[in-house]
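Student: Got a structure for you, questions after.
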Amino acid sequence: MIKVQNLSKKFADNMVLNGIDFEVAHGEIVVIIGPSGTGKSTLLRCLNYLEIPTSGVIEIADVKVDSATATAAQITNLRKKSSFVFQNYSLFANKTALQNVAESLITVWKEPKLVALKQAETILQQVGLGEKIHQYPSQLSGGQQQRVGIARAMAAKGEVILFDEPTSSLDPEWVDEVLAVMKQLAVQKQTMIIVTHEMQFAREVANRVIFMEGGNIVEQGTPKQIFEKPQHQRTKEFVGRSVKQNLSALDSAML
Amino acid sequence: MQMPLDVQYILELLPILLKYLSVTMEMAILGFCFAIILAVILAIVRVFKLPVLHNFAGLFISFFRGTPLLVQLFLLYYGLPQVMPIFAGVDAFSAAIIGLSLHFSAYMAESIRAAIMGVNKSQMEACLSIGMTRLQAMRRIILPQAARVATPSLMNYFIDMIKSTSLAFTLGVAEIMAKAQMEASSSFKYFESFLAVALIYWAVIEIFSRLQHYLEIRMNRAY
């Protein structure tokens, strides 16, 4: 359903993505892990054309865009096929939670306002914010804001939701409620591509884990393969360190 | 020492001048509406750096900020009809409104542009990510947020504009300044006449300053 061919992105002289190829099937949940600055977020942003690729072809459902020939209309069409959950939420500051979620339905999909608001309310109830629909983002906690962010992405009728480190800027106490909403989406077989440092979450939820480094996909496989039997030396080191961190966190929690 | 001030004359003059206040306010309000429309267009052209238009907008803003309003009004009303006869039919009142809107749009465009640039870049990305076009994003998300930031300075320009309408008397528009000038030259009570007109400007602007203050409080409460 999603097909990426030879995707490259260069910032000035810095090659951030080196001709990435990968595919994601409908209903699949792919988690991308790897050290900071290895192009994970850039890859995700290219899929949504928030970053214009230097070269490469991106195909989501029936929309195929080659960066060499991309027109504005093609890019808008491609963007409609995916939606994005941002690290720092990026909710529309001048709109309530309900209006944030209804915005794509009203403006992009031209649904009647009342229908859109009704749908938005249902989605906010699904993420557990039925009581907060008339609050502005500034009146919500980080965890609540991110759940609105996910609700907004759910409403946008995309084929896939892209998560860019959705819990990285949250206080630890809010992380679980956001991960819970994402697990709920996983149960519903929502196609997702998730960049995260939450290794435990990746193990539980992912169908496939991709390890990236230096703008390349180093290794990919099931969570079991990547976390328990990584083939590549760099994957072993990265995963090993993460496991050790988790264990020491567990230790200190027990003390 | 006796004050050589004819208070009685001022009290009689005030109601006469007030009859012409509607002309002043009409110029200010119409001029401001046109100026805002033009300023938003100029600001968007500048923010998006639209080809050709961007350069034209830059030149426009540079000229109208770089020359005095009085010179612009004279050029428009006395000068332009000589080279372009089509403008000969434009009356003084309309010419004043056109001149005021062009002049103030140049200033307002810059403060609207700054307000748009001040809206967090991530707001635009969020719009694009759910499939909105840039124009939709501007209309629904960016401009409403920029409006909140720009309101105080736009209100200041409106207040400035009310005062600047007094220059329209040089084109022969019968507004309060022109009337005060006429009364002064027939009664020779220059001080009283101009004091009366000053008091009226002051009172009007005081009202709008209060309104501005109230508006700012309301807008800050919104979110």
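The values are calculated or read from the model by the stated rules, or taken from the named source; none is laboratory data. In this text the structure is predicted, and so the values were computed from the model without any measurement. Note that each Cβ is placed from the backbone with ideal geometry, even for glycine, and that neighbours are counted across all protein chains shown. Ligands, DNA and RNA are stripped out before the accessible areas are found, and what is left, the full protein with its side chains, is counted by its heavy atoms. Shrake-Rupley method; radii C 1.70, N 1.55, O 1.52, S 1.80 Å.
Student: Could you tell me which numbered condition B:I86 fails, if it satisfies all but one of (1) more than 14 Å from every other protein chain (Cβ to nearest Cβ); (2) touching a residue at least 40 places away in the same chain (Cβ under 8 Å); (3) more than 13 Å from the chain's Cα centre (by Cα)?
Tutor: Of everything listed in (1) more than 14 Å from every other protein chain (Cβ to nearest Cβ); (2) touching a residue at least 40 places away in the same chain (Cβ under 8 Å); (3) more than 13 Å from the chain's Cα centre (by Cα), B:I86 misses just condition (2).
Student: Hey, can you tell me all the residues within the range A:85-119 that are acidic (D, E) and in a helix (DSSP H, G or I)?
Tutor: A:E103
Student: Give B:A126, B:A95 a once-over and let me know the one that is within 14 Å of chain A (Cβ to nearest Cβ) and aliphatic (A, V, I, L, M).
Tutor: From the options B:A126, B:A95, the qualifying one is B:A126.
Student: Sticking with this structure for a sec: Please go through the range A:64-79 and give me each residue that is surrounded by fewer than 21 Cβ atoms within 10 Å (Cβ to Cβ) and within 11 Å of another protein chain (Cβ to nearest Cβ), ordered by number.
Tutor: Result: A:A72, A:A73, A:I75, A:T76, A:N77.
Student: Can you run down the residue pairs with Cβ atoms below 8 Å, 6 or more apart or on separate chains, where the first is in the range A:207-233 and hydroxyl-bearing (S, T, Y) and the partner is part of a helix (DSSP H, G or I)?
Tutor: none
Student: Answer with yes or no whether A:V85 is surrounded by 20 or more Cβ atoms within 10 Å (Cβ to Cβ), more than 8 Å from chain B (Cβ to nearest Cβ), under 18 Å from A:L162 (Cα atoms) and touching a residue at least 40 places away in the same chain (Cβ under 8 Å).
Tutor: It is true that A:V85 is surrounded by 20 or more Cβ atoms within 10 Å (Cβ to Cβ), more than 8 Å from chain B (Cβ to nearest Cβ), under 18 Å from A:L162 (Cα atoms) and touching a residue at least 40 places away in the same chain (Cβ under 8 Å).
Student: In the set B:L100, B:L21, which member is under 12 Å from the mean Cα position of the chain (by Cα) and under 15 Å from B:F169 (Cα atoms)?
Tutor: B:L100
Student: Follow-up question, since we're still on this one. So, A:G149, is that one closer than 23 Å to B:R139 by Cβ, open to solvent by less than 40 Å² (accessible area, probe 1.4 Å) and within 20 Å of the chain's Cα centre (by Cα) or not?
Tutor: Yes; evaluated as a whole, the condition is true for this residue.
Student: In the range A:36-54, is there at least one residue being among the small types (G, A, S), within 12 Å of chain B (Cβ to nearest Cβ), in contact with a Leu (Cβ under 6 Å, 6 or more places away or on another chain) and open to solvent by less than 30 Å² (accessible area, probe 1.4 Å)?
Tutor: no
Student: Please give the number of the condition B:M25 fails out of (1) surrounded by fewer than 17 Cβ atoms within 10 Å (Cβ to Cβ); (2) without any contact (Cβ under 8 Å) to a residue 40 or more places away in the chain; (3) not hydroxyl-bearing (S, T, Y).
Tutor: (2)
Student: Which members of the range A:191-226 meet the condition of being over 15 Å from A:K40 (Cβ atoms) and of a type in the set (K, R)?
Tutor: Across the range A:191-226, the qualifying residues are A:R203, A:K224.
Student: From the list A:I29, A:I75, exactly one residue is of a type in the set (A, V, I, L, M), in contact with a Phe, Trp or Tyr (Cβ under 7 Å, 6 or more places away or on another chain) and on the phi < 0 side of the Ramachandran plot. Which is it?
Tutor: A:I75
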